[in-house]
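Following: one structure in structure tokens, then a few remarks.
The values are calculated or read from the model by the stated rules, or taken from the named source; none is laboratory data. Just so you know, these numbers come straight off a predicted model, no measurement behind them. Cβ placement follows ideal geometry from the backbone for every residue including glycine, while neighbour counts extend to all protein chains displayed.
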Amino acid sequence: MRQILLLLFIIVNAIMIGISLNVDFDTNFLSYRIILVAFTFLLSIVFILENAKKSILILAVISTLFALGHLGFIIKNMYLNIY
């Protein structure tokens with residue numbers, strides 16, 4: 001179950017990063033994106049701290065990196081929109 005959840009987080013964040021790269025950034029659905037990044041990041045950190053299996057640990061680290069990358073794109077695009 002955890003592996004499926006982490007794979008889902010990775011796929012959703014990858015899709016959202018792809019959308020952020022290809023489409024002009026708008027503030028529509030910004031709160032949903034921030035909630036998605038925060039939820040993914042925090043759940044991935046919890047899975048890392050649980051230290052259950054090596055496969056779950058690797059997926060949690062990858063999911064955390066995707067969440068941080070997505071957060072970076074959100075911050076960069078908001079900065080470019082505001083200034």
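State the number of residues belonging to region 20-56 that are within 13 Å of the chain's Cα centre (by Cα) and without any contact (Cβ under 8 Å) to a residue 40 or more places away in the chain.
12
Going by the structure shown, is Val37 of a type in the set (A, V, I, L, M) and surrounded by fewer than 16 Cβ atoms within 10 Å (Cβ to Cβ)?
The answer is no for Val37.
Identify, by number, the condition in (1) surrounded by fewer than 18 Cβ atoms within 10 Å (Cβ to Cβ); (2) under 16 Å from the mean Cα position of the chain (by Cα) that Thr64 doesn't meet.
Condition not satisfied by Thr64: (1).
Identify, please: which residue in region 8-19 is under 18 Å from Leu80 (Cβ atoms) and either among the β-branched types (Val, Ile, Thr) or touching a residue at least 60 places away in the same chain (Cβ under 8 Å) (or both) and is, among those, surrounded by the most Cβ atoms within 10 Å (Cβ to Cβ)?
So, considering only residues that are under 18 Å from Leu80 (Cβ atoms) and either among the β-branched types (Val, Ile, Thr) or touching a residue at least 60 places away in the same chain (Cβ under 8 Å) (or both), the one surrounded by the most Cβ atoms within 10 Å (Cβ to Cβ) is Ile17.
Does Ile45 meet the test of being under 15 Å from Leu68 (Cα atoms), assigned to a helix (DSSP H, G or I) and either among the acidic types (Asp, Glu) or at pLDDT below 90 (or both)?
No, not satisfied.
Can you confirm whether Met78 is of a type outside the set (Ser, Thr, Tyr) and exposed (fewer than 12 other Cβ atoms within 10 Å of the Cβ)?
no
Looking at Asn28, Asn81, which one is in a loop (DSSP other than H, G, I, E, B) and of a type outside the set (A, V, I, L, M, F, W, C)?
From the options Asn28, Asn81, the qualifying one is Asn28.
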